[in-house]
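The values are calculated or read from the model by the stated rules, or taken from the named source; none is laboratory data. Computed from a predicted structure; not experimentally measured. Note: ideal-geometry Cβ built from the backbone for every residue, glycine included; neighbour counts use all protein chains shown. The area values use the complete protein model at the heavy-atom level, side chains included, leaving out ligands, DNA and RNA. Shrake-Rupley method; radii C 1.70, N 1.55, O 1.52, S 1.80 Å.
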Amino acid sequence: MSSRRDGFTLLEVLAAVAILGIAYITLGSSGIQGLQHEGEARRRLEASLLADSVLSEIEAGLEAGAAPPLGEEESEADGFTIAAEDAPFSIVVPEEQDKTGKRLGDARSRLGGSGAQAQDPVIPGPSLLGDDSGPGVVSPLRRIDVRVAWDEGFGERSVSRTTFALDAEAARATLDAL
């Protein structure tokens, strides 16, 4: 007489539970990672929108003729640190050289810089290209950097925006001469 087995042995049940446990752990960790990435993406989006908003306010002020003061300003909003830096911008013009290193000329002389031959300046006031018009003269060109930072897990994350602007008040003498 042969005996017929119905059901599962204890070993088969334990193997099935172990396989299901591994599958649930894998799915759970994937879900947790997905939530972490979604949270980081949401905070990055919020920081980007905040940086764009701050930059828009600065640009609106510039259009109205009110340039922000030179220097750095820092504030806090909704768990984000907002740093806006307004600094003079000057263009650095390198000396011209060919491939062998032979000097071809002074590139700054064509821009009216310090290497210019004894020419009378055509435009009075500071140069729009740099701050080499004399001691204490600040370039009317501005570089405005906005950085929004927040703590994320084990470190700090940040989003940066940069724009360039012309301070119309500082450039008035040069623009009037044109």
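Within the stretch 73-85, residues that are more than 19 Å from residue 152 (Cβ to Cβ) reach partners that are open to solvent by 80 Å² or more (accessible area, probe 1.4 Å) and part of a strand (DSSP E or B) with beta carbons closer than 6 Å, at six or more positions or on different chains, in the pairs 84/73; 85/72.
Look at (1) on the phi < 0 side of the Ramachandran plot; (2) open to solvent by 100 Å² or more (accessible area, probe 1.4 Å) and you find that residue 78 fails only one, number (1).
A single entry from 59, 95 fulfils the requirement of being at pLDDT below 80, among the acidic types (Asp, Glu), in contact with a strand residue (DSSP E or B) (Cβ under 8 Å, 6 or more places away or on another chain) and more than 30 Å from residue 155 (Cα to Cα): 95. Can you find a residue that is open to solvent by less than 40 Å² (accessible area, probe 1.4 Å) and either of a type in the set (Phe, Trp, Tyr) or within 30 Å of residue 152 (Cβ to Cβ) (or both) anywhere in the stretch 15-33? There is at least one residue in the stretch 15-33 that is open to solvent by less than 40 Å² (accessible area, probe 1.4 Å) and either of a type in the set (Phe, Trp, Tyr) or within 30 Å of residue 152 (Cβ to Cβ) (or both).
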